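The next block holds one structure in the form of structure tokens; read it before the comments.
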Amino acid sequence: MAEARGVTRRAMLGALGAVGVAAAAGMMLTPRRAGAQALGQSESVEAALKRVFGGRAMKDGSGMIKLDIPLIAENGAVVPVSVEVNAPMTAQSYVKHIYVVADKNRIPIVTRAVLTPESGQAYMGANIRLGETGDVRAIVEQSDGTLLQIKREVKVTVGGCGG
């Protein structure tokens, strides 16, 4: 029988082990800056909307958007909200994003849902934190860039930011 030449099983396992240890120690990764967006601490609602939407105009969405949120939130730390949009969800026209904005929060954009035509319906539900009494908006961005919004005032009896 002819003897096989090349890498032995033992040498291959040793090399793979060394690569695994180096990867676990972070030696094979090059440091990069985080790609996350700034949190927007203590950002005004106007600054947040400008940062996300630029100067695009927002239309009244009361005919298409249903914002379901209590008018009085007994606990501002956990406020249920749901947004439903009566719009087509086809490849040509669909709801791309649904944002919930609390005007009085120090971080006003409290949640965002990303949708595709495959989502089937334009709906999102979440529990949000409201710091104090103020307007809550649902902003809908359609695939063609159109922005629609609807507002509701919510009174907070026990604050969500420690109050």
>> With just the Cα atoms defining each centre, how far is the range 108-163 from the range 74-98? Give it in Å.
In response: 7 Å
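Quick check: net charge around Gly145, other residues with Cβ under 15 Å of its Cβ, Lys/Arg +1 and Asp/Glu -1? Walk me through the numbers on the way to the answer.
Values: positive: Arg56, Lys59, Lys96; negative: Glu141, Asp144.
Once all neighbours under 15 Å are counted, the net charge is +1.
Under a Cβ-Cβ cut-off of 13 Å, what is the net charge of the residues other than Thr157 that fall near it, where Lys and Arg count +1 and Asp and Glu count -1?
Working: positive: Lys155; negative: Glu74, Glu132.
Every neighbour counted, the sum reads -1.
Can you tell me the FRET efficiency between Ala91 and Leu16 if r is taken as the Cβ-Cβ distance and R0 is 41 Å, rounded to the nearest 0.05? If you can, show how the numbers build up before the last one.
Working: r = 45 Å, r/R0 = 1.09.
My answer for the efficiency is 0.35.
Peptides 51-59, 86-94: what's the order by average Cβ count within 10 Å, highest mean first?
Packing proxy ranking, top to bottom: 86-94, 51-59.
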>> I want to check the label-to-label distance for Glu132 and Val158. Put each point 7 Å from Cα in the C-beta direction and report it in nm to one decimal.
In response: 1.9 nm
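None of the figures in this text is laboratory data; all of them are computed from the coordinates on show. These numbers were taken from a predicted model, which means no experiment stands behind them. Counting neighbours? That spans all protein chains shown, and the Cβs are built from the backbone with ideal geometry, glycine included.
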